[in-house]
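Written below as structure tokens is the structure these notes are about.
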Amino acid sequence: MKKLIGLFMTFYIVILSYGQDNVVLKLKEEASRSIKREVDTTTWNWKKGGLMGFSLAQGSLTNWAAGGDNFTLSLNTAFNYFFLYKKDRISWDNNVEAYVGILQSTSLGTRKNDDRFDFLSKYGFKMDTVGKWYLSALFNFRSQFFDGATYKNGIEEFTSSFLSPAYITLSLGFDYKPSGKFSIFMSPLTARSTFVNNNILAAKGGYAIPPGDHGILQIGAFSTINYYNTIAKNVVYKGRLDLFSNYQSHPENIDFNSTNVFSFKINKNFSASYTLDMIYDDDIRLFGDKNTSPALQIKSLIGIGFVKMMNEKKTRIATNTN
């Protein structure tokens with residue numbers, strides 16, 4: 001598992017080393033640029049924007065020798081919104097993501113193929129006026145909306161639900177922002193709480209929570225890497241990697257959660273996308289012959305559909321220069 005994590009980290013860092021996001025860089029420069037007037041200077045303090053979209057795919061087979069489902073239908077929705085604040089030495093970054101996907105097929109019936117909600121907020125104070133380091137506090141909430149299950153040998157097993165599990169992370173650390181397209185937050189002191197609200201799941205135990213309990217607190221080290229870049233014409237990449245080491249139990253077994261989204265713009269309102277999510281959590285032991293082993297979880301989705309850009313809005317604040 002350590003080799004897999006090492007290879008993944010190497011691949012991830014190589015990706016981060018290439019390309020330049022002219023759009024994001026321009027916005028960041030605009031955010032700190034002063035517009036000179038006769039009596040005052042106007043600066044941008046808030047930036048807001050994002051996108052929402054959905055993709056629909058349908059397939060059918062008739063007398064198809066290679067086999068397959070006679071009918072498949074999938075619907076995926078996505079919502080991603082950010083609101084950023086920057087003034088003087090203060091920086092406050094917020095991002096909300098929500099994804100829901102449903103798959104209908106003749107052999108599998110109706111199942112989820114995506115379900116997640118994630119809110120991340122970082123508040124930082126620049127350590128010096130010209131530097132790129134911030135002393136920061138981070139808050140992250142992550143969960144899902146609907147019931148989930150694993151399927152082994154065609155048998156459905158109830159494994160998750162709304163707020164079951166839910167993760168809340170609180171961190172104090174340092175945030176390095178060399179440019180508008182890349183940031184890395186590192187914290188030697190992090191509290192991660194895991195909750196299971198559903199009584200049935202709580203009675204079974206899991207997610208490192210003893211049977212009958214509804215929550216657990218873990219103390220450890222945490223890091224999150226965020227990257228956004230235009231890597232080719234009409235191709236945008238957005239990635240995030242979270243790493244957590246639990247000081248109290250097997251700190252060498254690093255949990256990670258990686259989200260990778262590639263967007264391929266077709267025209268103003270339509271685009272194709274590819275998402276690759278990878279999760280390894282040593283406390284999620286739902287795999288193996290006796291459902292007692294952790295494992296690397298991988299989800300890969302590709303689709304084409306409608307995308308609505310929520311144009312970025314800026315809040316203007318004027319300050320007198322006299």
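What follows is calculated from the coordinates using simple rules that are stated; it is not laboratory data. Predicted, not measured: the structure shown is a model, and the values here were computed from it. Quick reminder, even Gly has a Cβ in these numbers, built from the backbone with ideal geometry, and neighbours come from all protein chains shown.
Net charge of the neighbourhood of Ile279, taken over other residues with C-beta under 14 Å away and scored Lys/Arg +1, Asp/Glu -1, is -4. Look at the dipole of segment 44-172 built from charges on Cβ: of Gly59, Val96, Leu84, the Cα furthest out on the positive end belongs to Leu84. If R0 equals 35 Å, the separation of the Cβ atoms of Lys204 and Tyr81 corresponds to a calculated FRET efficiency of about 0.50.
Label sites at Phe141 and Ser249, each approximated as a point 7 angstrom past Cα along Cα to Cβ, lie 2.5 nm apart.
Distant-in-sequence amide contacts of Gly49, defined by a placed amide H-H separation under 5 Å and a gap of 5 or more residues or a different chain, comprise Phe82, Lys313.
The phi torsions of segment 213-221, fed into the Karplus equation with coefficients 6.51, -1.76 and 1.60 and a -60° offset, translate into couplings of 8, 10, x, 8, 10, 10, 10, x, 9 Hz, rounded to whole numbers, with Gly and Pro shown as x.
Dipole check for segment 149-226: with +1 at the C-beta of Lys and Arg, -1 at the C-beta of Asp and Glu, and the Cα centre as origin, the magnitude is about 220 Debye. Using the Cβ of Met52 as centre and a radius below 12 Å, the other residues enclosed give a net charge of 0, where K and R count +1 and D and E count -1. Taking Lys and Arg as +1 and Asp and Glu as -1, the other residues whose beta-carbon sits under 13 Å from that of Phe262 total +1. Qualifying chymotrypsin sites (Phe, Trp or Tyr not before Pro) in segment 235-273, where qualification requires a DSSP coil assignment and no more than 10 other C-beta atoms within 10 Å, are lacking entirely.
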